[in-house]
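Nothing in this text is a laboratory measurement; each read-out follows from the coordinates by a stated rule. Since we're looking at a predicted model, the values are computed, not measured. Glycine gets a Cβ as well: all are built from the backbone with ideal geometry, and neighbour counts include every protein chain shown.
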Amino acid sequence: MVGNDLSLDYSLCMGAAIGDRGGLTEDDLATIADRATAAADAVAERVNHGELGFWQLPGDAAGIEAVEAVVHALPEAAREVLVLGIGGSSLGAQALLEALLPPRFETAPAASPRRLHFFDNSDPFRLAHALEALDPRHCAMVVVSKSGGTVETAAQLRVVRPWIEAALGEEAATRCIAVTDPEHGALRKEATNAGWQTLPIPSNVGGRFSVLGAAGLLPARLAELDARALLRGAGRMAERCRTNVLHENPALMLAALCHLHDRARGHHIDVLMPYSDRLRAFSAWFVQLWAESLGKRKDHQGQTVEVGPTPLTAVGATDQHAQMQLFMEGPRDKLLLFVAIADAERDLTIPHSDGPGAYLGGHGMAELLDAERRGTTQALASDGRPSLTLSLPRLDADGLGQLFFFFEAATAFAGELYGINAFDQPGVELGKRLAFGLLGRQGYEEAGREIEAALSARPEGYRID
């Protein structure tokens with residue numbers, strides 16, 4: 001590890017360490033090296049042509065200044081912020097706050113930083129309770145939707161907007177912020193007509209790649225986090241990922257290793273297992289990024305391929321007492337991606353005492369956690385089960401920025417190695433269309449008839465009431 005930079009140790013997914021049954025060989029890496037170079041070149045070309053805007057976000061000085069101006073204009077009375085969004089419009093921001101904010105175990109006093117509340121589903125349970133518990137006179141609303149047509153977010157907006165307007169009248173416009181397409185879409189039009197503040201999601205940045213733009217930076221700054229440090233870390237990682245040399249580009253290497261383990265060793269499940277409670281939400285962000293980007297039916301030529309590793313999350317050491325039994329003795333279909341944090345920031349020394357656990361006296365709990373991680377990696381290796389480890393010196397804004405961009409770049413490279421478009425999501429569109437038909441949305445009448453016919457044609461006798 002150099003200075004404050006992320007490092008990638010992939011020794012325990014190589015046959016030299018764990019045996020050829022589960023590990024890769026140097027010949028495997030040599031075989032994929034040229035394809036990896038071509039993948040990096042293809043991504044670079046798309047970046048240079050302005051197609052992949054996420055690569056430019058770490059260096060967007062105007063973007064962070066616009067975010068800070070919006071935060072500065074929000075009235076101080078707005079101490080509670082309801083963030084409406086789903087998927088990439090919400091997961092990244094949630095990961096940011098969970099990783100960088102200290103946990104709160106008591107109600108925050110009025111003088112403390114704003115509290116953000118994320119609503120990322122159309123399940124009404126949490127939102128209904130929030131509207132009952134919060135005072136709308138002390139609230140603001142942030143709506144994040146690139147298209148403005150996301151049905152779950154549109155439903156939340158239809159509920160929350162009148163709740164705030166009923167309490168604040170014309171002043172409500174000063175409490176509403178839309179993060180959306182810079183020019184087009186239903187949300188852009190609504191925000192403009194209502195006089196809300198707005199921030200753009202660039203047209204060349206997909207939702208799940210938007211965390212380093214306003215979708216993530218606005219919640220970060222509302223929570224008084226160091227968004228500029230986040231971008232600095234991401235920017236350094238972007239520079240490291242520019243090279244097309246496999247053994248010098250950490251994200252390219254991750255993409256190549258995951259691809260090889262999937263296609264050559266049958267390890268079709270990629271398990272992200274950070275040894276930090278603070279990265280639980282980050283793991284959920286990774287699942288969406290990896291699954292929605294790489295699970296595809298068609299390749300670049302339109303041929304049927306049906307590819308994509310399945311992402312899974314676990315948390316160390318919690319899942320050593322849950323999923324690890326499966327990882328150790330179940331099907332040999334997994335590659336584990338561990339995340340280690342060198343500096344725990346906070347630690348507790350275990351007191352000396354007699355009785356069970358006496359040997360722990362004098363050790364730190366962070367030391368215990370890291371020992372459990374190292375023991376787990378070696379236990380897997382002893383049975384020929386592959387893993388790799390990402391290490392960060394500390395989990396601060398700089399380090400988190402590196403981690404976000406690392407996985408975004410790896411996803412782009414992996415898409416090229418699979419020969420698919422990592423930046424669309426056609427597999428989720430049919431479900432949306434049928435749901436619109438059920439809800440009676442104009443223009444989706446045929447979809448409504450289609451799903452009603454399918455439901456009525458289901459065979460009988462397969463239901464227990």
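Packing-wise, with mean Cβ within 10 Å as the measure, how do 406-412, 226-232 rank, highest first?
Top to bottom by mean Cβ count within 10 Å: 406-412, 226-232.
Sequence gap at least 6, Cα distance under 8 Å: using those rules, report the relative contact order of the stretch 108-259 to the nearest whole percent.
It rounds to 19 percent for the stretch 108-259.
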The stretch 55-228: mean projected area of Cα convex hull, nm²: 9.3
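Hey, what did the stretch 129-203 get for relative contact order, percent, Cα under 8 Å, at least 6 apart?
34
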Of Phe54, Pro202, Gly431, farthest towards positive along the dipole that unit charges on Lys, Arg, Asp, Glu beta carbons give the chain: Gly431
Phi to ³J(HN,Hα) by Karplus 6.51 cos²θ - 1.76 cosθ + 1.60 over the stretch 230-241, Hz, x for Gly, Pro: 4, 5, 5, x, 4, x, 5, 5, 4, 5, 5, 8
Estimated distance in nm for a label pair at Glu183 and Leu101, the labels positioned 7 Å out from Cα along Cα-to-Cβ: 3.6
Cα principal axis extents for the stretch 161-210, largest first, Å: 37, 19, 14
Separation in nanometres of the label points that stand 7 Å from Cα toward Cβ, at Asp277 and Thr304: 4.8
Charge dipole magnitude, Cβ of K and R +1, D and E -1 - the stretch 55-228, Cα centre, debye nearest 20: 160
Protection-proxy order for peptides 323-332, 394-403, 349-358, 378-387, each taking the mean of Cβ atoms within 10 Å per residue, highest first: 394-403, 378-387, 323-332, 349-358
Inter-site label distance for Arg137 and His49 at 7 Å from Cα along Cβ, in nm: 5.7
Dimensionless Rg/Rh of the stretch 257-302 - Kirkwood Rh, Rg from C-alpha atoms: 1.07
Semi-axes of the equivalent ellipsoid for the chain, Cα gyration tensor, largest first, Å: 37, 29, 24
R0 of 35 Å, Cβ-Cβ distance Ser382-Ser353: FRET efficiency to nearest 0.05: 0.60
